[in-house]
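Colleague: Below is one structure. I have some questions about it.
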Amino acid sequence: MLEDITGEELKRQFKTNKVLRYVTIGVGVLVIAILGYLLYRQFVWKPANEKSKNSYWEGLNYAAKDSTAMAIDYLESEVKKYDGKVGGEVAQFVLARQLMTNKDFKGAIKHLEGVDVEDTYVSIMAVGLHADCLSDMKKYEDAANKYLEAADMIENELTTPMYLMKAGLCAEEIKNFPKAAEVYQRIVDDYPAYSGQNKIEALLARASNKKAGGK
């Protein structure tokens, strides 16, 4: 019974019962590991994460002044310094954009694939920028698929129709007019405000005409 278990009895069981000993040691190690992780998050990672949030502004300033090379040099150092932190991940996205401006599409894609942020907007834009790189490399089929991925990540009135339109334009480049007409129709049906502003009806008519064998 519980009241019969004394301190001495527990010591005896700990010495003679291997399972109890291993479980006790395992729990102790787990507790220490969790405590260490919480202390690291609170006193090391959290302050560094907050500091990282300012890491990309200087790079943006260089970019705004069309100093692409300086922006790239600065952002590369910040990405290394704050890898895994919020600011470091955003800096990596901004770096990819500058590499794309510099026509280094493969380098841009490499960095975009490494961007890992909780911010939904940046996540969607990273996939969309990846598609932009593929499009500039004239890999239109891959670009169209990537644009569709970006469009469907989280449907909204801004990025979804924008990337659907880009997917349609890429589909037209490879003469996949049925696919182009399909995505244009989706914009017309689901995003009429965007459709009207960007003349999607005209693109839909063009793709539908070519799908039917017109010129």
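Colleague: If we keep just the residues of the stretch 74-92 that are in contact with a Ser or Thr (Cβ under 9 Å, 6 or more places away or on another chain) and within 28 Å of Lys138 (Cα to Cα), which is surrounded by the most Cβ atoms within 10 Å (Cβ to Cβ)?
Modeller: Ala91
Colleague: Another one. Can you tell me which residues in the stretch 153-210 are in contact with a Phe, Trp or Tyr (Cβ under 9 Å, 6 or more places away or on another chain) and among the charged types (D, E, K, R)?
Modeller: Glu157, Lys166, Glu172, Glu173, Glu201, Arg206, Lys210
Colleague: Condition check: buried (at least 18 other Cβ atoms within 10 Å of the Cβ) and of a type in the set (A, V, I, L, M). Does Leu158 satisfy that? Quick ask: steps written out before the conclusion?
Modeller: Numbers: buried (at least 18 other Cβ atoms within 10 Å of the Cβ): no; of a type in the set (A, V, I, L, M): yes.
No.
Colleague: Limited to the stretch 58-73, what total is found for residues that are surrounded by 17 or more Cβ atoms within 10 Å (Cβ to Cβ) and at pLDDT 85 or above?
Modeller: Going through the stretch 58-73 one residue at a time, the tally reaches 2.
Colleague: Could you list, in sequence order, all residues of the stretch 117-154 that are within 19 Å of Arg97 (Cα to Cα), modelled with pLDDT of 90 or more, surrounded by fewer than 16 Cβ atoms within 10 Å (Cβ to Cβ) and not acidic (Asp, Glu)?
Modeller: Across the stretch 117-154, the qualifying residues are Met137, Lys138.
Colleague: Would you check if Glu157 is modelled with pLDDT under 95 and either under 16 Å from Ile187 (Cα atoms) or out of contact with any helix residue (DSSP H, G or I) (no Cβ under 7 Å at 6 or more places or on another chain) (or both)?
Modeller: So Glu157 passes the test.
Colleague: Looking at the stretch 122-144, which of its residues are touching a residue at least 24 places away in the same chain (Cβ under 8 Å) and either in contact with a Ser or Thr (Cβ under 7 Å, 6 or more places away or on another chain) or within 21 Å of Ala71 (Cβ to Cβ) (or both)?
Modeller: Result: Val122, Ile124, Met125, Ala126, Gly128, Leu129, Asp132, Cys133, Asp136, Ala143.
The values are calculated or read from the model by the stated rules, or taken from the named source; none is laboratory data. Worth saying up front: this structure is predicted, and the values here are computed from it rather than measured. As a convention, Cβ positions derive from the backbone with ideal geometry for all residues, glycine included, and neighbour counts pool all protein chains shown.
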